[in-house]
Amino acid sequence: GTGAIAAIGLAVGIGALFAKTISFSSALQQNEIAFKTMIGSADAARQHLADLKHFALETPFQFGDLIEYSKRLQAMGVATGDVVGTLRTLGNVAAGVGREKLPQITYAYGQVKAAGRLMGQDMLQFINAGVPLLAELAKMYGITTSEVRELIEEGRIGFPSVEYAMEEM
């Protein structure tokens, strides 16, 4: 009767949980391999995943999302040791404009890092994400936003300025 149905339901539930656990373990192993390839060391890859997991536990961001943001940032030139600090800064900025904007902010930030300087299309991405980078740079340099735009057009705002401005927000 109902006892048999309950037992079947429990078995199905345990089976689903087991499958999810295997799936998570498999994904974690694949990410460890990916980071080992990117970083060049299995120990450093495991440590980086542990750092990301710890960061996920202390923030509202999901571990899987942080893994993807980390891959993107590293592909664009952010050093592995700087990833968690960078994600903390970008997460703080995203908290001010909307957590759902973190992927867009991470992408724009990575593009600036890869290019070495802030370009017009990157500035538009920050503006579209609601990040007040233009105003922060103007404040930082003690000039108007129009003058900042001119510097951007001339390619004269380097990544370190953007990095500093994001940290100051």
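State all residues of the range 16-70 that are at pLDDT 90 or above and in contact with a Lys or Arg (Cβ under 6 Å, 6 or more places away or on another chain); if no residue qualifies, say none.
Within the range 16-70, F63 is the sole residue that qualifies.
Restricting attention to the range 114-130, report how many residues are outside any helix (DSSP H, G or I) and touching a helix residue (DSSP H, G or I) at 6+ places or on another chain (Cβ under 6 Å). Before the answer, list the steps.
Keep residues of the range 114-130 that are outside any helix (DSSP H, G or I), which gives 116-119, 129-130.
Pick out the ones that are also touching a helix residue (DSSP H, G or I) at 6+ places or on another chain (Cβ under 6 Å) and you get 116, 118, 129-130.
Total satisfying the criteria: 4.
Listed here are the residues, each with its yes/no results for (1) among the small types (G, A, S); (2) part of a helix (DSSP H, G or I); (3) modelled with pLDDT of 95 or more.
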| position | (1), (2), (3) |
| --- | --- |
| T86 | no, yes, yes |
| I105 | no, yes, yes |
| A135 | yes, yes, yes |
| I143 | no, no, yes |
| R149 | no, yes, yes |
| S161 | yes, yes, yes |
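Is it the case that some residue within the range 68-80 is in a loop (DSSP other than H, G, I, E, B) and closer than 15 Å to P103 by Cα?
Looking only at the range 68-80, we keep the residues that are in a loop (DSSP other than H, G, I, E, B), and these are 76-79.
Filter once more, so that each one left must be closer than 15 Å to P103 by Cα: 76.
Yes, the conditions are met somewhere in the range 68-80.
Pick from the range 116-160 the residues that are among the small types (G, A, S) and surrounded by 16 or more Cβ atoms within 10 Å (Cβ to Cβ): which of them is nearest to R72 (Cα to Cα)?
Let us first name the residues in the range 116-160 that are among the small types (G, A, S), namely 116, 120, 129-130, 135, 138, 142, 146, 155, 158.
Now drop any that are not surrounded by 16 or more Cβ atoms within 10 Å (Cβ to Cβ), which leaves 129, 138.
Numbers: A129: 18, A138: 28 Å.
Ranking the qualifying residues of the range 116-160, first place goes to A129.
Just to be sure I understand, how many residues within the range 89-103 are part of a helix (DSSP H, G or I) and open to solvent by less than 20 Å² (accessible area, probe 1.4 Å)? Spell out the reasoning first.
As a first pass, look at the range 89-103 and keep what is part of a helix (DSSP H, G or I): 89-97, 99-103.
From what's left, open to solvent by less than 20 Å² (accessible area, probe 1.4 Å): 90-91, 93-94, 102.
The number of residues fulfilling the criteria is 5.
Scan the range 157-169 and report the pairs whose first residue is under 13 Å from A115 (Cβ atoms) and whose second residue is of a type in the set (G, A, S) and surrounded by fewer than 20 Cβ atoms within 10 Å (Cβ to Cβ), with Cβ atoms within less than 7 Å and a gap of 6+ or a chain change.
Note: pairs meeting the criteria are G158/G116; F159/G116.
Considering the range 66-83 alone, what residues qualify as being open to solvent by less than 70 Å² (accessible area, probe 1.4 Å) and out of contact with any Leu (no Cβ under 7 Å at 6 or more places or on another chain)? It would help to see each step written out before you state the result.
Going residue by residue through the range 66-83, those that are open to solvent by less than 70 Å² (accessible area, probe 1.4 Å) are 66-67, 69-71, 73-74, 76-80, 83.
Result: K71, L73, Q74, M76, G77, V78, A79, T80.
The values are calculated or read from the model by the stated rules, or taken from the named source; none is laboratory data. In this text, all values refer to a predicted model and were calculated from it rather than measured experimentally. All Cβ positions, even for glycine, are placed from backbone atoms using ideal geometry, and neighbour counts span all protein chains on display. Note: areas computed on protein heavy atoms with side chains; ligands, DNA, RNA excluded. Shrake-Rupley method; radii C 1.70, N 1.55, O 1.52, S 1.80 Å.
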